[in-house]
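> First the structure, which I've put down as structure tokens, then a few questions once you've had a look.
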Amino acid sequence: MKSFFTAKMQTPFATYYIDLKEGENYQQIRNKYSVNTSVGGSAIYLNTLQDCIEWIESYDEYLQERAKETA
């Protein structure tokens with residue numbers, strides 16, 4: 001699978017990596033964006049760049065809340 005677009009977004013809570021994947025694998029992922037974070041976990045696959053940004057905003061809010069709880 002090849003990456004045809006890559007982006008990196010950094011927040012105070014994590015770094016996010018977005019790749020546009022083109023091709024096929026066992027999950028039949030074709031023309032999907034994958035999002036990975038520096039805080040672990042698996043990649044998630046979304047249909048649009050806007051979906052990626054919204055997911056990152058939501059996940060970053062979650063990390064912010066967790067940081068407040070543990071402070």
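> With the requirement that a residue be of a type in the set (Gly, Ala, Ser) and surrounded by 13 or more Cβ atoms within 10 Å (Cβ to Cβ), what does the stretch 39-71 give you?
Of everything in the stretch 39-71, just one residue is of a type in the set (Gly, Ala, Ser) and surrounded by 13 or more Cβ atoms within 10 Å (Cβ to Cβ), namely ALA43.
> Just to be sure I understand the filter: pairs with C-beta atoms under 6 Å, separated by 6 or more residues or on different chains, first member in the stretch 39-51 and over 11 Å from LYS21 (Cα atoms), second member assigned to a loop (DSSP other than H, G, I, E, B) and at pLDDT 90 or above. Which pairs pass?
Partner pairs satisfying both residue conditions: VAL39/ALA14.
> Anything in the stretch 1-21 that is at pLDDT 75 or above and surrounded by 12 or more Cβ atoms within 10 Å (Cβ to Cβ)? List them, or say none.
Listed by number, the residues that qualify are ALA7, MET9, THR11, PHE13, ALA14, THR15, TYR16, TYR17, ILE18, ASP19, LEU20, LYS21.
The values are calculated or read from the model by the stated rules, or taken from the named source; none is laboratory data. All values derive from a computational prediction rather than experimental measurement. Glycine gets a Cβ as well: all are built from the backbone with ideal geometry, and neighbour counts include every protein chain shown.
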